[in-house]
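First comes the structure, then the notes that go with it.
Read the figures in this text as sums done on the coordinates, not as results from a lab. Quick caveat: nothing in here was measured; it's all calculated off a predicted structure. Neighbour counts run over all protein chains shown; Cβ positions are idealised from the backbone, glycine included.
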Amino acid sequence: MSTPRVLFVCLGNICRSPLAEAAFRHTAAEAGIEVEVDSAGTADYHVGEQPDPRSIDEALRHGIDIRSYRGRQLRAQDFHEFDYILGMDNSNMANIARVDPGDGKANVAMLLDIVPGQEGREVGDPYYGGADGFSVTWSEVSAGAKALVAIMLDEHS
Ligand code: 4NP
């Protein structure tokens, strides 16, 4: 089996998708699955920047250091290089579709659509709220991470 490659996508790549990347790295490692993981934003506002300090703090509360992560923008080539491209909300999905070259290999989905019982729900943008919004984001992206690990274990069992 080739190593699955997963890309999490939000708008700015400083709040939600870095937390999704961290949660999935952690969950996959716990399950003993080898994965390659990255995250990106559909916008270029925060290219080269560290995650939002509130995301850094939230990840540290779960024992994960994301201070080395840096923002980057989604590009057409990603659809050829990644097996899964997972957006956080409906607006992300519309933006992702605009970059999709159409002949890539990636399975493209909204993250909570892969979580049984949470189909159609969005991972809301915590950027304009307080720190408590980031713990909600963490729970949501963790549910997505666990569901994706379950899918991968199922596919290769
Ligand atoms: P993210 O949150 O998409 O979860 O990284 C945002 C970060 C920055 C902005 C919007 C959302 N912004 O407008 O700069």
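Starting from the eigenvalues of the Cα gyration tensor, five times each then square-rooted, give me the equivalent ellipsoid semi-axes of the stretch 1-66, largest first, whole Å.
Taking √(5λ) for each Cα gyration eigenvalue gives 21, 16, 7 Å.
Over the chain, what per residue volume does the convex hull of the Cα atoms give, in whole Å³?
105
Do any GluC sites (Glu not before Pro) in the stretch 63-157 lie in a DSSP loop with no more than 14 other beta carbon atoms within 10 Å, and if so, which?
Listed in order of number, the matching sites are GLU119.
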